[in-house]
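A short reminder: the numbers here are calculations on the coordinates, not readings from a lab. The structure displayed is predicted, hence computed values, not measured ones. Here the Cβ positions follow ideal geometry from the backbone for every residue, glycine too, while neighbour counts run over all protein chains shown.
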Amino acid sequence: MYSDNATNFVGASNVLKDLSAAFHRSQEQLRGYAAQRGVEWCFIPPRSPHFGGLWEAAVKAAKHRLLRGVGNAKLTADELSTHLVEVEALLNSRPIASPGNDPNDGEALTPGHLLIGQPLITLPQESGTDGISSKASCGYLRRWRMLSDLKQQFWASWSRDYIASLQHRNKWCVEGRDLEVGCLVLVHEDNMPPQRWLTGRVVATTGGEDGRVRVAEVRTSGGVIKRAIHKLALLPVSNAPNEEVKAPEAFNGAGMLEQ
C-alpha cells in the first residue's frame, strides 16, 4: 500500500504495527494469518507530491477546476466548505472498475464503496421556489443557487474529461480489445445531473466491415439503449484472476493525460 507521508497516515501505520504486534504475541493462528495476508506500507518522501503520480494528478485536476470555477466569487467559510465537500463527493462517486463478471450486476465499484461500503448519494435537484417571498429568504436562495451553479460547472467539465480518459486510445500499432457481451461500460450521456453515472452491461454488439465492434446495445437501469462505441467507456474488472487491473489515466490541470 502506497500513500502520502502525512502525519495521519504515519499515525495509522504505527497503530496497525502495534495491533499486529499484539496479535503476534497473543495467538499463533493470528500470526500465521498475518504472515499470509501481510501488508507492507510504503511512504513517499515528505513534501514530494510528484512521487504520488496518479492520485496527485487527480488532486491537481480538482484544484485546477476549483480555482477556475470559484474564480473571484466571494464565498463565506461555510459556503466554501460546502462546495469542497460537494466536489469531494463528485470525485469519490466516479466508477473505477467492475466488481465482477455477473451479467445482472450493473453497478460499478467507486471510491465511495471503499470509504463507506456503498455508493455516495446526492441531494435532490431543485424542485421550485413557490412560497418564498421574504428578502432574507431570497438572499439565501441566491447564494444556494450560486453554489449549485459552481457544482454544476465543476461536474460538467470534470465528468466529461474523466470519461474521455477511460476512452483513451493509443496509436493503432497495437490491437485493442473489443467490447464483448457482459462487459460493464460507462455511458457518456449529455445533461446528466451531478454525481449520477449511467452504467450498464453490454447485451449485444454490431461489427463493421473490418470485423471490429462499432455499435453496442447496453442494458441500463432505464432499459436497453444502443450507442456507438465512442459513447461507451469499458471499465476494468476488479477481481480478474490472471489479469492486471490498470487504473484509469488521470488528467492534469492542463488537460493532458498522465500515466
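Assorted remarks:
- Pairs where the first residue, in the range 4-20, is part of a helix (DSSP H, G or I) and the second is surrounded by fewer than 13 Cβ atoms within 10 Å (Cβ to Cβ), C-beta under 8 Å, 6+ apart: L16/V39
- Of all residues in the range 190-203, those that are part of a strand (DSSP E or B) and polar (S, T, N, Q) total 1.
- Residue match in the range 204-226 (condition: in contact (Cβ under 8 Å) with a residue 40 or more places away in the chain and outside any strand (DSSP E or B)): yes
- Among residues of the range 73-113, those that are in a loop (DSSP other than H, G, I, E, B) and polar (S, T, N, Q), counted: 6
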